[in-house]
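The values are calculated or read from the model by the stated rules, or taken from the named source; none is laboratory data. Fair warning: this is a prediction, and the values are worked out from it, not measured in the lab. Cβ: placed from backbone, ideal geometry, glycine included. Neighbour counts: every protein chain shown. Calculation scope for accessible area: heavy atoms of the full protein, side chains included, ligands and nucleic acids excluded. Shrake-Rupley method; radii C 1.70, N 1.55, O 1.52, S 1.80 Å.
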Amino acid sequence: MSGGAGGSERPEERQRFPPPGKSLPISALRQNGLLQALVRGAGQPVGAEISEDLRRAQEEWEAVEEIQSGLGGTSAGAAPPISFNEALQYFQTADLSECRKKVRATVHRQGLAALVHFLFGPPRLQPQLQGERELALAMAQCCLDDNERVHMRILQTIYKKLTRSRLGCPRYGAHWEELGFQGADPGTDLRGTGMLGLMQMLYFVMDSQTLPLAQEIFKLSQHKTQNFPFCIMSVNITRIVIQALREERLSRECNRRQQVIAVLNDLYAAAFLQLYRLWKWQHKTVADAGFLLKELELSTKKKPKQLLKSLEAYVNRSPAADGLQQLSLPSTSIGGNRAGEEINFTGVCDLQVELEGEARLI
């Protein structure tokens, strides 16, 4: 069939080109063969040798694709997603000596409080688990480093999983505020939880059992009236979990499972699940955040086993999973009287010994 007027072109040919006024992304050009044809040159066979000029042109096209994605050269955004286990292996072998110097493993008690804790408190963590606890606390003292490729891959993986985007994003920018950080640099919100704060987010979005929950919570955080800063809330939950570990509230469960970091991650997810249910069912807003975090901290420290059971029911989709009632938290009806209360988003430079029950948005 002859190719006369524009209306006679075949459908498959029309699909290669965008309609008037629209442009195809670079990735689409590469996939449908148009870019390959341009690089090879008109009339050159597919298997022919590519000249140096054409090779350079192809590299320039690929660089344009990276810039269009906001990745920029060797940015971590161009790297594949990183699994939690791969990231953990990195920290297990990395030099964290300076971070370990800042670690205070347990809360020091004096006088009557020390005696009561000795007589009636939880058991001590078994010696073979001390190293894993120290690693977790060292990660909490490790700052986000732009020069560490693994750090950047963790950050980019969280972004991609929450936004369900194939492309990465720039290291700095307003897009982080959309995820629930306070500003253009997520690193400023990690003071007090360090890389452990990001590692727990990474676990949340990379575990196939918790990813749906993470995406549901993120969706709720974007609600018109019930919105809240997802990542700031996550960092606060990590802070609660760290404090529970330092107060030896998790020793019994860690000893039973012979794990520390896995227990921390499960408790983090369980606490986030509990907060999500209260927030959604009781129609909470960001004005209620401080009060809810305070109650969640008490629940996490006093009844971690009960929280963990609720998470197990959720991931196993038992009949009680979605109808599970709030655990030990009160109805929080008094939270409704706090609508005018201002919530201050303040930073914390180091992990401090805090009064039991104190909670705030970091």
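General observations
- Residue check for His175: in contact with a Cys (Cβ under 6 Å, 6 or more places away or on another chain) and either farther than 20 Å from Ile237 by Cβ or aliphatic (A, V, I, L, M) (or both): yes
- Scan the range 155-180 for residues that are in contact with an Asp or Glu (Cβ under 9 Å, 6 or more places away or on another chain) and in a helix (DSSP H, G or I) and the total you get is 2.
- The range 73-100, residues that are at pLDDT 90 or above, assigned to a helix (DSSP H, G or I) and not polar (S, T, N, Q): Phe84, Glu86, Ala87, Leu88, Tyr90, Phe91, Glu98, Cys99, Arg100
- Residue count for the range 226-247, restricted to those that are in a helix (DSSP H, G or I) and not aliphatic (A, V, I, L, M): 8
- For the range 295-308, filtered to residues that are charged (D, E, K, R) and in contact with an Asp or Glu (Cβ under 7 Å, 6 or more places away or on another chain), the residue that is nearest to Ile242 (Cα to Cα) is Lys301.
- Within the range 115-127, the presence of a residue that is of a type outside the set (Ser, Thr, Tyr), under 23 Å from Val241 (Cβ atoms), open to solvent by less than 30 Å² (accessible area, probe 1.4 Å) and at pLDDT 95 or above is excluded.
- Phe218, sole failed condition from (1) free of Cβ contacts under 8 Å to residues at least 60 places away in the same chain; (2) within 11 Å of the chain's Cα centre (by Cα); (3) open to solvent by less than 10 Å² (accessible area, probe 1.4 Å): (3)
- Restricting attention to the range 266-290, the residues being in contact (Cβ under 8 Å) with a residue 60 or more places away in the chain and either open to solvent by 10 Å² or more (accessible area, probe 1.4 Å) or of a type in the set (Lys, Arg) (or both) number 4.
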